[in-house]
Amino acid sequence: MALYGRRIRIGDVLMQQGLISEQQLMTALAEQKNRRTKLGETLIALNYVSHSDFAKVFHEQLGIESIDLVTVELEDSAIRLVNEDIMKKHGLVPFAVDENNANILNVAMSDPLDLNAIDDISLITNMEVRPFFATTAQIAMQLDRMFGRKQAMEAAEQYQRDHADEMAETTDTADANLEVDNAPIVKIVRAMLEQAVRQGASDIHVEPSERVLRIRYRVDGVLREVMDYNPNLLPAMSARIKIMSGLDISEKRKPQDGRLSLIVDNREYDVRVSLLPTVYGEKSVMRLAAKDGLNRDKKFLGLSVEDESRLDDILKNPHGIILITGPTGSGKSTTVYTILSELNTDEVNIVTVEDPVEANVPGVNQVQVNIKADMTFAGALRSILRQDPDIIMIGEIRDNETAGIAVKASITGHLVISTLHTNSTAAAISRLLDMEVEPFLIGDSVVGIIAQRLIRLLCPACKKPREATEREIKLLDIEAESVTLYEPHGCPNCGGAGFRGRSAVYEIMTVTPRLRGLIHDRGSVEQMKDLAVSEGMYTLRMAAAREVLKGRTTINELIKVAYETD
């Protein structure tokens with residue numbers, strides 16, 4: 001290709017386009033040496049440029065197209081042309097032989113200007129290479145998908161060979177080289193964490209049984225088995241997890257909780273670790289969360305136009321209580337942190353009390369609950385009120401005392417944001433009444449309630465259309481003779497699940513004067529819901545039905561939401 005007759009430096013191109021300054025380039029070059037990564041990865045990690053910036057520059061200035069490896073189907077014939085070591089060395093994935101010229105190999109690369117990589121592939125395949133830009137994360141995800149299981153099994157076999165004598169004597173032996181980076185058990189645990197991140201898992205379960213050590217990932221809310229090992233690996237794996245999370249490796253009889261930080265594909269993750277003794281050994285559960293994942297812009301919450309308008313109206317209140325409700329794992333924390341980011345300006349003092357602090361928010365004073373030091377939610381709230389706050393965030397209203405203090409704080413001129421575990425917006429009012437808060441205080445303090453659920457989204461690459469049944473049309477609560485619905489099918493892009501990703505659906509209740517009067521009169525949950533709907537509120541069922549009709553999710557996901565809230 002004519003483009004590669006001369007050396008082109010991406011740093012110079014980005015400077016010419018005004019995307020980075022000379023000082024930023026110098027900083028990135030210096031940081032590149034420390035990180036031992038490519039310049040493009042370093043610039044993205046430093047937030048100097050985005051993936052879309054790179055894609056635009058490569059396409060408009062250099063004529064290089066970008067490829068989305070999440071949706072493209074890889075051709076086995078192309079993959080077989082290049083071995084695993086070369087792909088990993090250069091960070092690339094051959095994905096297709098050109099349909100118009102069998103001598104051209106299409107290759108996804110995080111750095112399509114890497115001449116050494118292009119020359120290597122050309123020599124190995126005896127073909128002309130056409131580079132496409134793909135993100136580092138997508139390439140790593142595909143390499144994990146192709147080779148991750150094989151690597152993990154090889155490391156496990158290596159560990160068993162190295163410790164055959166110890167295993168024959170006892171199953172309670174931990175690896176002596178738990179701190180050595182190339183020790184097999186270290187490779188296994190590191191690969192397990194990295195693969196979970198790249199597959200979009202929220203939790204990792206390491207589960208011992210009599211005959212097998214099972215590894216499962218929770219992806220899009222559903223557990224999937226991804227690996228099984230010899231149970232003799234459990235002591236060493238548990239010990240490695242404990243070392244990484246700062247726990248006591250000698251303690252095997254008591255539950256332990258810890259946390260660790262992890263960097264995967266230039267993104268930092270916080271991992272909360274829980275170990276629980278079982279009859280077959282310690283079970284480990286690790287919850288993964290991107291450190292920047294909770295601090296996102298409101299537009300990424302998945303709100304409809306109507307719901308966003310209602311939320312904006314609620315956030316305009318200078319004081320009162322805003323409640324976010326839903327079961328565990330419904331995305332409440334993301335919504336809370338997004339609201340905090342929206343309200344966080346130089347003119348206000350925001351103080352939070354959390355258990356635990358899930359993400360650090362610049363400019364916000366965050367307090368960690370500590371029961372041993374008598375720092376409960378209620379105790380911390382009393383101290384916070386003496387800190388001249390404008391906005392208070394309470395991680396969760398769990399008891400009568402916390403509820404009472406929150407109500408009093410809101411009535412005395414503070415904006416209070418908190419969460420509750422209830423099924424719907426109207427049920428949150430009922431829960432406060434159960435906590436012995438007077439109805440007139442609830443009506444005067446609560447300004448808005450947000451209930452939410454996460455629904456799985458169909459994989460756009462493989463979803464299949466079908467006609468809805470009469471019962472399904474009735475569930476959707478629409479007037480129509482025929483409706484097209486979509487079902488999951490399964491393909492390589494979604495790992496055969498038929499779903500890829502989740503989105504939130506919302507029920508946002510604004511406490512209007514009429515609703516306030518109904519609360520004062522101790523109206524029922526059903527009466528409050530009906531009144532809110534008459535004033536324009538979409539229920540969770542209605543919001544889920546809307547997503548079904550758009551073809552984004554299935555009728556079964558709607559049934560789950562309806563079952564929980566009806």
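The values are calculated or read from the model by the stated rules, or taken from the named source; none is laboratory data. Worth saying up front: this structure is predicted, and the values here are computed from it rather than measured. So basically every Cβ, Gly included, is an ideal-geometry build from the backbone, and we count neighbours across all protein chains shown. With ligands, DNA and RNA removed, areas are computed over all heavy atoms of the protein, side chains included. Shrake-Rupley method; radii C 1.70, N 1.55, O 1.52, S 1.80 Å.
Quick notes
- You will find that of Arg216, Arg267, the residue that is modelled with pLDDT under 90 and touching an Asp or Glu at 6+ places or on another chain (Cβ under 9 Å) is Arg267 and no other.
- Residues in region 178-209 that are assigned to a loop (DSSP other than H, G, I, E, B) and modelled with pLDDT of 90 or more: Ser209 alone.
- Just one residue in the set Val367, Val348 is β-branched (Val, Ile, Thr), in a loop (DSSP other than H, G, I, E, B), at pLDDT 90 or above and more than 23 Å from the chain's Cα centre (by Cα); that residue is Val348.
- Counted residues, region 311-345 - those being part of a strand (DSSP E or B) and buried (at least 23 other Cβ atoms within 10 Å of the Cβ): 5
- Near pairs, Cβ below 6 angstrom, 6+ apart or cross-chain, from region 47-76 (within 20 Å of Glu99 (Cβ to Cβ)) to any residue that is in a helix (DSSP H, G or I) and open to solvent by less than 30 Å² (accessible area, probe 1.4 Å): Ile64/Phe58; Ser66/Ala55; Leu69/Gln142; Thr71/Asn493
- Odd one out for Asn126, checked against (1) at positive phi; (2) in contact with a strand residue (DSSP E or B) (Cβ under 9 Å, 6 or more places away or on another chain): (2)
- Scan of region 95-108 for residues that are assigned to a strand (DSSP E or B) and either at pLDDT below 90 or in contact with an Asp or Glu (Cβ under 8 Å, 6 or more places away or on another chain) (or both), ordered by number: Phe95, Ala96, Val97, Ile104, Leu105, Asn106
- For region 222-246, the tally of residues that are open to solvent by 30 Å² or more (accessible area, probe 1.4 Å) and in contact with a Gly (Cβ under 7 Å, 6 or more places away or on another chain) stands at 1.
- Region 104-154: number of residues that are among the polar types (S, T, N, Q) and open to solvent by 50 Å² or more (accessible area, probe 1.4 Å): 3
- Residue in region 66-91 that is nearest to Phe147 (Cα to Cα), counting only those that are over 28 Å from the mean Cα position of the chain (by Cα) and not in a helix (DSSP H, G or I): Asn83
- The C-beta contact set for region 348-362 (first residue farther than 16 Å from Pro389 by Cβ, second residue open to solvent by less than 30 Å² (accessible area, probe 1.4 Å) and in a loop (DSSP other than H, G, I, E, B), distance under 7 angstrom, 6+ apart or interchain) comprises Asp355/Val369; Asp355/Gly395; Glu358/Leu294; Ala359/Leu294.
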